[in-house]
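Note sheet for the following structure.
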Amino acid sequence: MSTVPPILVCFRNDLRLEDHPALHAAAATGRPVIPVYLYCPESEGRWAPGGATRWYLHHALRIFQEQLEQLGSTLILRSGPEALPLLQQLMEETGATEVYWIRRFDPHTRDQDTAVKKALSLTSFSASLLREPHEVQNLSGGFYKVFTPFYKKQLSLGDPEAPLAAPKQLQAPEQWPRSEALEDWSLLPQISWDSGFYEFWPQTAANVEDWVDRFLAERVGDYKDERDFPAEPGTSRLSAALHFGQVSSRSLWHEAQSRGAALGGLVGTEAWTRQLVWRDFAHHLLYHQPHLDWHPMQEHFADFPWKENDEWLRRWQQGETGYPIVDAAMRELWTTGWMHNRCRMIVASFLVKDLLLPWQQGALWFWDTLVDADLANNSFGWQWAAGCGADAAPYFRIFNPILQSKKFDAQGEYIRHWIPELKGLSPKQIHAPWEAPLPPRNYPAPIVDHKMARDAALEALGTLKK
Ligand SMILES: Cc1cc2nc3c(=O)[nH]c(=O)nc-3n(C[C@H](O)[C@H](O)[C@H](O)COP(=O)(O)OP(=O)(O)OC[C@H]3O[C@@H](n4cnc5c(N)ncnc54)[C@H](O)[C@@H]3O)c2cc1C
């Protein structure tokens, strides 16, 4: 055991060396630093990591372990039902007297974090958002429920804190405590449904940096014009890296601003950094209203007459609704663990407004299949689509999946990529194949008629008391 007590740095959704104030502060003490990752899915209830998230987490941990090893350190892995006893055990084994970590705000991990805070000597730091939820207050000291004033307030507070450099060195303890083996956590699937994931996601941290670099150098300028077209590589695809904290949103903000400024202030940069503020807004809302993961923000929606239909749910999940843009998106999700934002809005609207199935069922499916599944962003996105959340698309504004398809995938490139059965159809036919003179036999007929479904949704809405 080291004579100078080491510091445990507990990593959560912040698997990075750069802009990590907890690691930075621990390194600055000159004391031995023991990096730790605790896996306690049982304590997260319904929102324990889903299949796709576990897959990404496995790779993110492996990459991070390698990064720490390059600094002469390592990542100690421990798992169990609760974080507190695991930390207490580690402190006993190593003689560590303090724990450092970065604060997080999701309700499903709050009790666990509070228990640690109460029992141990914990120093916590800010770096998971541009600004923490309590820092952005309206004129009466409350929280915001609408994005635009939240955004204006964020901008009025100036740039978020500048990111910190990665530590150059980490003092190792005299003896490392035992670590569990990552492979023993079985985060990767037993039945291999993940082959498409390997093609799609960067496999090394160096690639995440390259990814950021390439996006900011080549794409961000056109972001405003191209972000809505799923066949284009118009968005950053950094959502999983942001969720697991392989890169901090503060670093991205500063990097994007300085490059944008160097190029004369790009409209695209501003549009993109605005998305980082949407991320903060989703976390702000869930922090202040922790029930939003399951309960509608507009309370009268609790009485909405949702349907129960397992067969429709299955067809939506498997991309067999007969609406090509919906099915292409659901197949993209299944194959890659990711879906374009425009398509997330289309498929979510289709589930709740065309099929009248509860938004929570969609949120659960996304939770299991998205590599970037994030409780704040996912709950916010689903409530928005269902028309019951903050800044929500009003329920009576119902996406028409055929018009959305014609507008955002005019040539049908995205559809053809994900639905080979429709390859032979022209751009005119591909959005509504049932109207083609010879509809493909191996593609399903539409699950519902959109016009009738729209009327049914409006009727259901009419039953709600405001
Ligand atoms: C129904 C629904 C569910 C969603 N579920 C999730 C989820 O589980 N996890 C998730 O990260 N995002 C979710 N989103 C938001 C958004 O679709 C994704 O963040 C985005 O598609 C990720 O792609 P990107 O990294 O290329 O985004 P970019 O367009 O490059 O944006 C950069 C970053 O900004 C943030 N961001 C962008 N749009 C939003 C938004 N609308 N709300 C909050 N943050 C945003 C993300 O962190 C994203 O990585 C959901 C949206 C909807 C409509």
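See the values below:
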read-out	value
FRET efficiency for residue 110 and residue 228, using Cβ-Cβ distance with R0 set to 56 Å, rounded to 0.05	0.95
Ranked packing of 34-41, 253-260, most packed first, by mean Cβ within 10 Å	34-41, 253-260
Unit charges at the beta carbon, dipole of the chain: most positive-side option, 229, 300, 51	300
Spin-label pair residue 132/residue 294, simplified geometry with 7 Å Cα→Cβ offset, distance in nm	2.7 nm
Extension gain from residue 270 to residue 162, taking 0.36 nm per residue of separation minus the Cα-Cα distance	37.1 nm
Greater than 30 Å apart at Cα, pairs in 152/406; 117/152; 428/451	152/406; 117/152
For the stretch 109-222, size of Cβ-based charge dipole, Lys and Arg +1, Asp and Glu -1, in debye	720 debye
Ranked by how many other beta carbons lie within 10 Å on average, peptides 67-78, 173-184 from highest	67-78, 173-184
Kirkwood hydrodynamic radius over Cα pairs of the stretch 299-462, then Stokes diffusion coefficient at 25 °C and 0.890 mPa s, in µm²/s	154 µm²/s
The chain: DSSP helices with Cα axial extent of at least 20 Å and average Kyte-Doolittle hydropathy no lower than -0.5	267-288
Gain in span if fully extended, residue 172 to residue 209, counting 0.36 nm per residue against the direct Cα distance	10.7 nm
Beta bridge orientation in the chain: antiparallel %, DSSP, nearest 5	0 percent
Selection from 216, 411, 171, by position along the positive dipole direction of the chain (Cβ)	411
Förster-model FRET efficiency, 60 Å R0, residue 140 and residue 438, C-beta, rounded to 0.05	0.45
Total charge dipole magnitude, the stretch 228-371, about the Cα centre, Cβ charges on Lys, Arg, Asp, Glu only, Debye to nearest 20	440 debye
Taking the convex hull of Cα positions in the chain, its mean projected area over all directions (nm²)	23.3 nm²
Assigned charges on the beta-carbon of Lys, Arg, Asp, Glu; the stretch 226-278 dipole about Cα centre (debye)	180 debye
Net lengthening on full extension, residue 302/residue 92 (0.36 nm per residue, minus Cα-Cα)	70.8 nm
Protection proxy ranking, peptides 436-447, 266-277, 353-364, average beta carbon neighbours within 10 Å, highest first	353-364, 266-277, 436-447
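FYI, it's all coordinate maths here, none of it is from the lab. All values derive from a computational prediction rather than experimental measurement. Cβ coordinates were reconstructed from backbone atoms using ideal geometry, including for glycine residues, and neighbour counts include every protein chain displayed.
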